[in-house]
Amino acid sequence: MKVLGIETSCDETAAAVVEDGCRILSNQIASQVDIHARYGGIVPEVASRQHTLSIMPIIERAMSEARVTWDDLDGIAVTIGPGLAGSLLTGVNVAKAISLGRGLSITGVNHLEGHIYANWLTGDSLDLPLVCLIVSGGHSDLVLVKGHHDYVLLGQTRDDAAGEAFDKASRLLGLGYPGGPAIERAARSGTVSIPLPRAWLRGSHDFSFSGLKTALLRLVEDGKITSAQDAAASFQEAVVDVLVTKTVAVAREYHVKQVLLAGGVAANSRLRQSLTEASPLPVLVPEPILCTDNAAMIAACGYFQFRAGKTDSLDMDVIPNLRLT
Ligand code: KG4
Ligand code: ZN
């Protein structure tokens with residue numbers, strides 16, 4: 001079964017064709033990073049306008065890379081939330097138009113679930129139940145995956161998401177946007193030498209990163225940061241330390257068989273390395289291009305929804321604050 005995936009929840013316009021939920025035939029992404037960089041963050045109105053310009057060319061590129069015509073496709077999977085309302089609307093309306101015009105079934109996908117399903121594209125075999133750490137710009141969720149589309153949310157952030165923390169720290173240190181890759185780059189030439197706090201929230205699987213951000217802000221304001229590289233390395237280590245320690249604790253507690261990493265922050269090589277070293281269980285991590293927003297993960301998730309008989313009608317709507325559970 002060949003599924004066309006469409007993803008426009010934030011600032012990447014993406015389309016992909018995936019076969020049987022695991023074979024990527026194409027994966028096209030038009031990034032808006034350069035456009036938003038001059039504002040130091042995503043401007044929602046600019047993002048949705050840019051999606052309307054990029055979406056059809058990106059879908060055409062994905063279909064031509066996959067060497068498929070409309071007749072070769074079996075369905076469309078499109079992100080319905082969570083995300084920016086205006087951005088989501090572009091993808092969903094285009095998907096509906098194609099569905100109507102070409103007689104293709106359509107299924108609405110939860111973006112967070114899509115991040116989990118990026119792991120079905122790695123070629124590794126997945127062994128349920130497993131624990132997945134989803135770390136993105138808007139979420140830091142520890143999820144018990146009991147089966148397809150069967151989740152228990154074990155922990156989440158009480159304030160900033162991990163990606164948001166990276167973005168804010170990068171801005172504080174003058175390292176630019178997007179913050180995650182900028183911090184990672186700077187950290188490579190720095191040493192972990194600045195003591196920064198970790199919020200362990202003992203007895204809970206939740207996260208909190210706002211205290212860490214405030215601690216960094218105080219050091220910057222007091223002129224105590226003499227090396228942005230050392231600050232980046234120390235900050236990255238503090239975030240990774242908490243993410244890894246809590247993920248390993250949950251994996252032990254729930255007696256799962258594997259640990260998955262997902263979401264944009266999962267592209268961070270220190271996090272990938274540290275979790276792999278600390279985990280007593282096999283750790284699966286998609287390649288970085290499948291961690292950050294893409295449509296292949298949406299098509300993969302959509303395939304399993306189609307298989308479970310979940311198709312949507314043309315009156316489906318975007319759900320900007322959609323939750324995983
Ligand atoms: O999943 P994603 O692409 O979009 C959302 O669903 O939010 O995640 C974006 C987040 C941003 O906060 C970005 O700074 C972070 O992922 N990110 C990283 C890295 N690459 C992207 N954080 C740390 N290290 C990276 N290499
Ligand atoms: Zn995402």
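Scanning the stretch 296-312 for residues that are more than 12 Å from ligand 1 (Cβ to nearest atom) and either touching a strand residue (DSSP E or B) at 6+ places or on another chain (Cβ under 8 Å) or under 11 Å from Trp120 (Cα atoms) (or both) yields Ala296, Ala299, Ala300, Cys301, Gly302, Tyr303, Phe304, Gln305, Phe306, Lys310, Thr311, Asp312. Considering only residues in the stretch 120-147 that are under 23 Å from Val240 (Cα atoms) and not in a strand (DSSP E or B), the one that is farthest from ligand 1 (Cβ to nearest atom) turns out to be Thr122.
Somewhere in the stretch 78-98, is a residue in a loop (DSSP other than H, G, I, E, B) and more than 16 Å from ligand 1 (Cβ to nearest atom)? For the stretch 78-98, residues in a loop (DSSP other than H, G, I, E, B) and more than 16 Å from ligand 1 (Cβ to nearest atom): absent. Of the residues making up the stretch 99-138, just one is surrounded by fewer than 21 Cβ atoms within 10 Å (Cβ to Cβ) and among the β-branched types (Val, Ile, Thr), namely Thr122.
Conditions tested, residue by residue: (1) farther than 30 Å from Glu60 by Cβ; (2) out of contact with any Asp or Glu (no Cβ under 7 Å at 6 or more places or on another chain); (3) not small (Gly, Ala, Ser).
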position: Gly91; (1), (2), (3): no, no, no
position: Asn110; (1), (2), (3): no, yes, yes
position: Gly147; (1), (2), (3): yes, yes, no
position: Gly155; (1), (2), (3): yes, no, no
position: Arg158; (1), (2), (3): yes, no, yes
position: Leu172; (1), (2), (3): yes, yes, yes
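Among the residues of the stretch 126-169, those that are touching a Ser or Thr at 6+ places or on another chain (Cβ under 6 Å), away from ligand 2 (no atom under 16 Å from the Cβ) and closer than 18 Å to Val250 by Cβ comprise Tyr151, Leu153, Arg158.
Across the stretch 30-38, a minimum of one residue is classified as away from ligand 1 (no atom under 16 Å from the Cβ) and over 23 Å from Ile134 (Cβ atoms).
Taking Asp141 as the residue in question, decide whether it is closer than 24 Å to Leu112 by Cα, surrounded by fewer than 19 Cβ atoms within 10 Å (Cβ to Cβ) and among the acidic types (Asp, Glu). So Asp141 does not fit the description; no.
Whether a residue is more than 12 Å from ligand 1 (Cβ to nearest atom), farther than 21 Å from Ile6 by Cα and surrounded by fewer than 19 Cβ atoms within 10 Å (Cβ to Cβ) was assessed, and Thr276 passes this test. Only one entry in Ala278, Ala299, Ala267, Ala262 is assigned by TED's automatic domain parsing to the domain that holds Gln28 and modelled with pLDDT of 95 or more, namely Ala299. For the stretch 241-270, the candidate set comprises residues that are crowded, with 24+ Cβ neighbours inside 10 Å and within 10 Å of ligand 1 (Cβ to nearest atom); within that set, the residue that is nearest to Arg185 (Cα to Cα) is Asn268.
In the set Leu128, Leu144, Leu153, only one residue is under 18 Å from the mean Cα position of the chain (by Cα), within 17 Å of Cys301 (Cα to Cα) and not polar (S, T, N, Q); that residue is Leu144.
The values are calculated or read from the model by the stated rules, or taken from the named source; none is laboratory data. As the structure is a computational prediction, the values presented were derived from the model and not from experiment. Ideal geometry is used to build each Cβ from the backbone, glycine not excepted, and the neighbour counts take in all protein chains shown.
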